[in-house]
Structures are given as structure tokens and as C-alpha cells.
Amino acid sequence: MAVSALKPNPAMDALSARLSGQVMPKSGAWAKSARADALARLSATGLPARRDEYWLFTRPDTLNQPIPKPAAPFDHSDEDPIFSKVDRVRLIFTDGVFDQAASDDPALAGVEISRLADGGQVDVHWAADLYGVLETRGQKPVARPLATLNTTFASDGVLIRVTGKAAKPVCITYRHADPNSDVLLHHVIRLEPGADLTLVENGAAAARLNTVMEVEVADGAAFHHVRAQGRNHERRAATHIFARLGRESIFKSFTLTVNGALTRNECVIEVNGDDAVAHIAGAALGDGAAGEFHHDDTVFITHDALNCESRQVFKKVLRNGATGVFQGKILVRPGAQKTDGYQKSQALLLDGDSQFLAKPELEIYADDVACSHGSTSGAIDETALFYLRSRGVPEEQAQDLMVIAFLAEALDEIEDEAIGADIHSRLESWLQRRRD
Amino acid sequence: MLNIKGLKVKLEEEDKTILKGVDLEVPAGMVHAIMGPNGSGKSTLSYVLSGRSGYEVTGGTATLDGVDLLDMAPEERAAAGLFLAFQYPVEIPGVGNMTFLRTAVNAQRKMRGEDDLSATDFLKTIRAKAKALKIDAEMLKRPVNVGFSGGEKKRNEILQMAMLEPKMCILDETDSGLDVDAMKLVSEGVNALRDEGRSFLVITHYQRLLDHIKPDVVHILARGRIVKSGGPELALEVENNGYSDILAEVA
Ligand SMILES: Nc1ncnc2c1ncn2[C@@H]1O[C@H](COP(=O)(O)OP(=O)(O)O)[C@@H](O)[C@H]1O
Ligand SMILES: [Mg+2]
């Protein structure tokens, strides 16, 4: 029978269903060819599936489905927006659409800011050389189809080229207004030799969010990234950072995540220049009683140069059925001598319902390296809690002190004091709200 | 001040009775000492009074100035004026010593309906008290007890006591692990706090500490009971002859 020759292929069916809902954005020549290339790659890999090695702990279904589950915009008017006290250049997207009127004039000495959606018109050769390029490199050895989907269909994003030391941070704020918004944004950032930029991101963004950020940090440049994924319980987000580091460059990224039904943050870093430093950290707090909470950090760091340092510090505080996932790998290529790799992932389980699933990996092909990794999960230290209480600190306050103490090593990765203090106060408010 | 009557305690998880009816009264302004063999229940008594979990009170009462202690949460007991200097002070990575003390002082004031101590007043007070105990500023900034030597931990306990100004102080083997100089420092710290309105219950193995902190009454706790009470000379008797004579006498 002729029909039986066509074997059913659920993976490809899922992909074609998903693609049928996407619109190919209008774009200039370079973006057009990058998108076409990405579509071809996506057709070969398909969407993430449950049986994929890197999707064993996190169900991709809701990220794959053609239409996102509707999510009511979250009302966070009970506190000032995060980073609002930090002097910054604001770029605002509402449901993925750039809001020029609400944004600041993007004039900042040493920083050129344009938009992907305008990329066909303006001269952005440097972005053409990066768009989809670092993402493609990051597909090996582990496929990251949601990033490829993003390269194919991203409707907009910012293109930032940094030639000097930026006097203040650039802040991308994602606002959410439409309960059905399905947003794909793709940012490309290049720091020229010796340049320095702090980028902060915040906001609820959409019912479903998919972001990719490709970052090239040239020799001697420094990139600082702080991100706050906040408060909206129904958030479903898949984010990717792809970074390539030059000689003596610095890359530091910290993410605060509170709440969110499903958040998958992937970070893929190629440490390619000697004496470079890469630090990635995250603090996540989830309370299943307030809504579903599943948080996944998936990190892949490749060392391919001499005398480099990488540091991963991920901490999760989980309760009432919250789930935390950590998949982190350090790959040391042959010849990457004197690599100093550190990886720590820890969960504080505030009750017996929550779970932490961790897969730390080291793969080392050089002999003169120092790499360590440790993953733990456990409850609050009762002895310490009693000690605090015996001095008069009420139980809940003592518990909060212990939670903040647990997160300290991750929070210490934030270099900017004002930003660090802001993150700190958000954590305290989050804990405070659980008490009332 | 502290009044304990017929206190019986067993372990919550095990069928093991540790205190079998302890009677003890420490009047205001007094220093009482408790001595006793290892495992006789001295630390258990101090933990039960301060509200540590894992113990079940099966009989008796304990009151502080007439208020039932056993009914209160540990923090309420602290606010009511009870303080335990731990035999093994706990290390708390990530919580700064100074933050901890300020949180504790202000939490107690709040529970008593008093205003917060201002940051400057707090700093002034803690600096003076730390200096007397030879605790340097660096130690105050470090996480609670992390990387402290045995002696530093014990001095830190006394500093907390001095800052919190409790009315009933229990010291559980504060002398263990201290050299002669540290013992002098700690004793001076304790003696500086002696006051008509403040009482001490000093748990120790050694007469040594009691040379510095002079007790009014000495009790012997053995096999879960106070088996003998007397003046300071009782401590000397233990020092010279051990517990066997006393235990034989009361058996
Ligand atoms: N939490 C506990 N779990 C198990 N055994 C305990 C616990 N607390 C005390 N004990 C036991 O109770 C007895 C008294 O201990 P403790 O009060 O520490 O004595 P002391 O301080 O006089 O040396 C000992 O036999 C000890 O092993
Ligand atoms: Mg003891």
C-alpha cells in the first residue's frame, strides 16, 4: 500500500504545526539569508522533544505548541519597577513591539544602538557577521532548536556595538499587555577591543517569550549582564545567550528569577582568547503554592584557550512543589591549559514537596587544569535556625536570613552596587510577601 | 527569677528519658552553678529551657519571673529575658555577625514594644563591648562564627549576651576549649554583667571557671536529677574527688 510508505513522523508534524503559526518578518538581505539558513537547520533538527538528552528534566510541550497558553498581564504596581533607581538608557518593548515613545533617546557615547527590524536599511555589517553565527556554533554538540526557531522568526531585537566605555547601563525592558502575545526577540551585541558595557534586562514580556542574545566580547573588552525575570506567575520563557570571548576579556551574567510557570535559561559560552574570564550566576525563587514553578538553567562552557577562568554559581530556593533544574557543563579542549573552572549548583528545599534535578558535567582534554563542580540540595539548617531564634529573631525572619545567606554566593557575582542592592531588596520583598 | 519544678524530659524521637524531675530555683541577682558527669543532662536542660526542638516535656514546669517558659517559642523566651550561651556555638555562613546581632537586638526590642536601636547607637555600643572582649572589627564583619577559633566563638557568645542584656543567662560549658587568658576575658565579661536584676546559671565541669565567676550555690546534676546542692565548696569537692563519692552517697 502506497500510504504506509509515509511513516508518521510526530516530530515533523509538531514542527510544521509550529511553523504554520509563525510569520517570517520582513528583513534586509543579510537577515533574510540568515533566516533561511536557520529554517533549513530547524527543519533538520525539529523542535525539542522529551526524549532529547537535554530535555529530560523540562517538558518542552508548552514551548513547542503553535499558540501559547494565554497569560493575563501581571499587576506589579505594588512596587517600583526594578532598576528604576539606576541611571540607564531604557529601550522598551511591549509584547515584543518596540515602544519608541516610552524609550529613551539611545544616544550614549561609545555605544551604537539600532534595531534588528531596521537592519535591512542601516549599515550593520558587524551584526550581519554575528546574527545566527554564534547561535549556529552553539548547536554543537547539543542542539538548541528553540534558538534556531528564534533566529528564523525573531521579529525584532537590539543591535548594540560598543566602541568605548559606556557611561551608564543600557536597559531592555519587556512589558506585557496582551494575554496572547508570543514574542521572539533576537539581540546582537559586539564589544570592540577594550570596550565596556553593562546591559540589564527586566520585565514580564509576553504570554510566551523566546529571546536570543549573541554577544561577541573582543580582546580586553568587558560585558556585564544583569537580568531580572520577575514576578509574573504564568511566564513561559526560553532564553539563550551565546557568547564568544576574546583575549583578556570579561563576561559576567547574573539572572534573578522569581515565579514563572516555565523558565529555561540557556547560556553557551566559548572562551576562545587567553586569560579571559566568564562568570555566570543565577538566583531563582519559586513557590508552587502561588502558581506552577519550573526553572531550568542549562549552561555549556567551552574552554579553548590558555589560562582562562570560568565560574558558574546557581542557587535555587524552592517550595510547595516547585521544581529546579540545572544542567551545566564545562568542556576543556585539548591545549586549554591552566583552565580554572568552577561550577556550583545548589537548591534550598523549604519543604518536602519541591525537587531539584541536576546534571553537572565535566569533560576535560587538557592535563594542567583545575576544575571543580558540586551540586547539593537540602533543607534549611535547623540548628542554625534555632541559634538565630534563641537570640530573639522570629522564626520567619530567621528563615529569610538563611535564605538570603544561601543565595549570597550568587548575588556576590553582581558587580554594580546599586543594581546588586536593588536585586537584594526584590528578594526581601518576595520573601516578605510569602509571609503576609 | 528562674523556677524549675519536677521537670521531666524525654527525647521526641526516642523512648529515652533524660531529665527525671529537676527542681531548681535561681533567685534574682544570684549565680548558680551546675556540675555533673558527661551525659547527665546539663545541655538538655539548657536546650529545653531555651526551646530547642527534639525534646518532649513529660512533666513539671519552668517559669521566668512567673511566666511559663515552656509554652513560648524560642524567640519569645529570648525577648522575655532568657539567654543561652551555647556549648557549641553555631556557624552560619552568609549571615554577617553584625547584621545578625542588630537583627536580634531590634527583634527583641520590637517584641517588647520598644523602638529600634539607631544604627549609630548600635555601632557605638557594639564597638565598646567588643573591645572589652578583645573582639576586633574584622570579626564582627565576618559571617557568624565562621572561621572563628574555639575561644573566639565563646567570646562571641558573651558579646551577644552583653548586647542583648538578658535577665537570665545560662552558660553551657563556656569554659571548655578556652585557654587561661581567654577564660579570664570571658569571666570578666560575665562579671561585668552581674547585677541585682540578673541571674546566671553556669554549667561547667571545672572548678577553674568558678574561681573567676563566683557562684552562690552549686548543684550536682546526675542521672537526670539534681542530686546535691551546696555552697562553692561543693565544686572543690568535685574537683578533688570526682563525682563517685557524691553519687555513692545519694544512691
Ligand atoms: N538530640 C539528642 N539525640 C539523642 N540523644 C540525645 C540528644 N540530646 C541529648 N541526648 C542524650 O541525652 C543524654 C544527656 O545529654 P546532654 O544533655 O548533652 O548531657 P551533658 O550536657 O550533661 O553532657 C546523653 O545520653 C545524650 O546522648
Ligand atoms: Mg553538655
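The values are calculated or read from the model by the stated rules, or taken from the named source; none is laboratory data. The structure displayed is predicted, hence computed values, not measured ones. Quick reminder, even Gly has a Cβ in these numbers, built from the backbone with ideal geometry, and neighbours come from all protein chains shown. Keep in mind that these areas ignore ligands, DNA and RNA; they rest on the heavy atoms of the full protein, side chains included. Shrake-Rupley method; radii C 1.70, N 1.55, O 1.52, S 1.80 Å.
Restrict the search to the range B:128-160; then list the trypsin sites (Lys or Arg not before Pro) that DSSP places in a loop and that have at most 14 other Cβ atoms within 10 Å of their Cβ. Write down the numbers at each step before the final one.
Details: sites: B:129, B:131, B:134, B:141, B:153, B:154, B:155; in loops: B:134.
The qualifying sites are B:134.
Taking the Cα centre as origin and putting +1 on Lys and Arg beta-carbons and -1 on Asp and Glu beta-carbons, what dipole magnitude results for the protein assembly as shown, to the nearest 20 debye? Don't skip to the end; give the middle numbers.
Details: 77 positive and 98 negative charges, 187 e Å.
The calculated dipole for the protein assembly as shown is roughly 900 debye.
If DNA, RNA and ligands are ignored and the probe is 1.4 Å, what is the ranking of A:15, A:306 by accessible area, most exposed first?
Working: A:15 5, A:306 80 Å².
Output order, biggest surface exposure first: A:306, A:15.
Taken over the C-alpha atoms, the range A:25-380 has Rg and Dmax values of 19.2, 56 angstrom. Extent of the protein assembly as shown along its three principal axes (Cα atoms, max minus min coordinate, largest first): 101, 64, 54 Å. Calculate the FRET efficiency for residue B:248 and residue B:17 from the Cβ-Cβ distance with a Förster distance of 22 Å, rounded to the nearest 0.05. With R0 = 22 Å, the Cβ-Cβ based efficiency is 0.45.
Over the Cα atoms of the range B:77-142, Rg to Rh with Kirkwood Rh, two decimal places? Reported Rg/Rh, Kirkwood definition of Rh: 0.97.
If a/c stays under 1.5 just call it rounded; otherwise compare a/b with b/c (prolate if a/b is bigger, oblate if not). Do that for the range B:42-120, with a ≥ b ≥ c from the square roots of the Cα gyration tensor eigenvalues. Here the range B:42-120 falls in the oblate category. Peptide A:394-404 shows a mean partner chain C-beta count of 4 within 10 Å per residue C-beta. What the phi angles of the range A:354-364 give under the Karplus curve with 6.51, -1.76 and 1.60, with θ = phi - 60°, is a coupling list of 8, 9, 10, 10, 10, 9, x, 9, 10, 9, 10 Hz, glycine and proline written as x. Could you give the angle, 0 to 90 degrees to the nearest 10, between helix B:97-111's Cα long axis and the longest principal axis of the Cα atoms of chain B? Helix B:97-111 sits roughly 80 degrees off the main axis of chain B.
This model, with +1 at the C-beta of Lys and Arg and -1 at the C-beta of Asp and Glu, gives the range B:2-250 a dipole about its Cα centre of some 460 debye. Projecting the Cα atoms of A:242, A:273, A:92 onto the charge dipole of the range A:25-380, computed from C-beta unit charges around the Cα centre, puts A:242 farthest toward the positive end.
Apply the Karplus parameterisation 6.51 cos²θ - 1.76 cosθ + 1.60, with θ equal to phi minus 60°, to every residue of the range B:53-63 and state each ³J(HN,Hα) to the nearest whole Hz, in sequence, with x for glycine and proline. After applying 6.51 cos²θ - 1.76 cosθ + 1.60, I find 7, x, 10, 10, 7, 9, x, x, 9, 9, 10 Hz. Between residue A:32 and residue B:25, the simple spin-label model (points 7 angstrom out along Cα→Cβ) gives 9.9 nm. Remark: relative contact order (the range A:102-240) = 24 percent; criterion is Cα-Cα distance under 8 angstrom and separation of 6 or more residues. Under the criterion of Cα pairs below 8 Å and six or more residues apart, the relative contact order for the range A:25-380 equals 12 percent.
Can you give the longest run of chain B that contains no GluC sites (Glu not before Pro) sitting in a DSSP loop with at most 14 other Cβ atoms inside 10 Å? Please report the intermediate quantities before stating the final value.
Working: sites that count: B:12, B:13, B:14, B:114, B:196.
The longest such stretch corresponds to B:15-113.
Its residues counted as N, the range B:171-241 yields a C-alpha radius of gyration over 2.2 N^0.38 Å of 1.12. I'd like the orientation of helix B:119-132 relative to chain B: the angle between its Cα long axis and the longest Cα principal axis, in ° from 0 to 90, rounded to 10. Orientation of helix B:119-132: about 50 degrees from the principal axis.
Scalar couplings 3J(HN,Hα) for the range B:17-24, obtained by applying the Karplus form with A = 6.51, B = -1.76, C = 1.60 to θ = phi - 60°, are 8, 10, 9, 10, x, 9, 10, 7 Hz; x denotes Gly and Pro. Using the alpha carbons alone, the radius of gyration of the range B:200-251 stands to its Kirkwood radius in an Rg to Rh ratio of 0.93.
Considering Cα pairs under 8 angstrom that are at least six residues apart, work out the relative contact order of chain B and quote it in whole percent. Each step should come with its number before you reach the end.
Numbers: 451 pairs, mean separation 70.3, N = 251.
Answer for chain B is 28 percent.
Start at zero, step by 10 Å, and the Cα-Cα distances of the range A:307-374 spread as 22, 40, 23, 13, 3 percent across the bins. If only the Cβ of Lys and Arg carry +1 and only the Cβ of Asp and Glu carry -1, the dipole of the range B:145-249 around its Cα centre is close to 280 debye. Partner shielding of B:70-80 amounts to 4, given as the average count of beta-carbon atoms from other chains within 10 Å of each residue beta-carbon. Take the range A:25-380 with all the other protein chains still there, run a 1.4 Å probe, and you get 35 Å² of accessible area per residue.
Roughly what angle does helix B:180-193 make with the longest principal axis of chain B, taking Cα atoms, 0 to 90 degrees, to the nearest 10? Approximately 80 degrees, to the nearest 10.
Sorted by mean Cβ packing within 10 Å, highest first, what order do the peptides A:17-24, A:128-135 take? Provide the component values of the computation, followed by the final result.
Numbers: A:17-24: 13.2, A:128-135: 21.9.
Ranked by mean Cβ neighbours within 10 Å, highest first: A:128-135, A:17-24.
When the charge dipole of the range A:157-301 is built from unit charges on Cβ atoms (+1 for Lys and Arg, -1 for Asp and Glu) and taken about the Cα centre, the candidate among A:180, A:263, A:288 whose Cα reaches farthest toward its positive end is A:180. Work out the P(r) tail for chain B: percent of alpha carbon pairs separated by more than 25 Å, whole number. Distances greater than 25 Å cover 43 percent of the Cα pairs.
Would you mind counting up the charge near residue B:136? Only other residues with Cβ under 12 Å from its Cβ, with Lys and Arg at +1 and Asp and Glu at -1.
Numbers: positive: B:127, B:131, B:134, B:141, B:142, B:155; negative: B:138, B:152.
So the surrounding residues net to +4.
Figure legend: label point modelled 7 angstrom from the Cα of residue A:109 along Cα→Cβ; residues of the range A:168-211 with amide N under 11 Å from it are A:168. Computed from the C-beta positions of residue A:382 and residue A:85 and an R0 of 51 Å, the FRET efficiency is 0.85 to the nearest 0.05. Remark on residue B:90: its backbone amide H falls under 5 Å from none of the residues 5 or more positions apart or on other chains, H modelled at 1.01 Å from N. Projecting the Cα atoms of B:85, B:139, B:235 onto the charge dipole of the range B:2-250 (Cβ charges, centred on the Cα centre) puts B:139 farthest toward the positive pole.
Taking Cβ atoms as reference points and 12 Å as the exclusive limit, the residues near residue A:321 contribute a net charge of -3, counting Lys and Arg as +1 and Asp and Glu as -1.
With r defined as the distance between the Cβ atoms of residue A:137 and residue A:20 and R0 fixed at 30 Å, what FRET efficiency is calculated, to the nearest 0.05? Display every interim value, and only then the final one.
Values: r = 29 Å, r/R0 = 0.97.
Once the sixth-power term is evaluated, E becomes 0.55.
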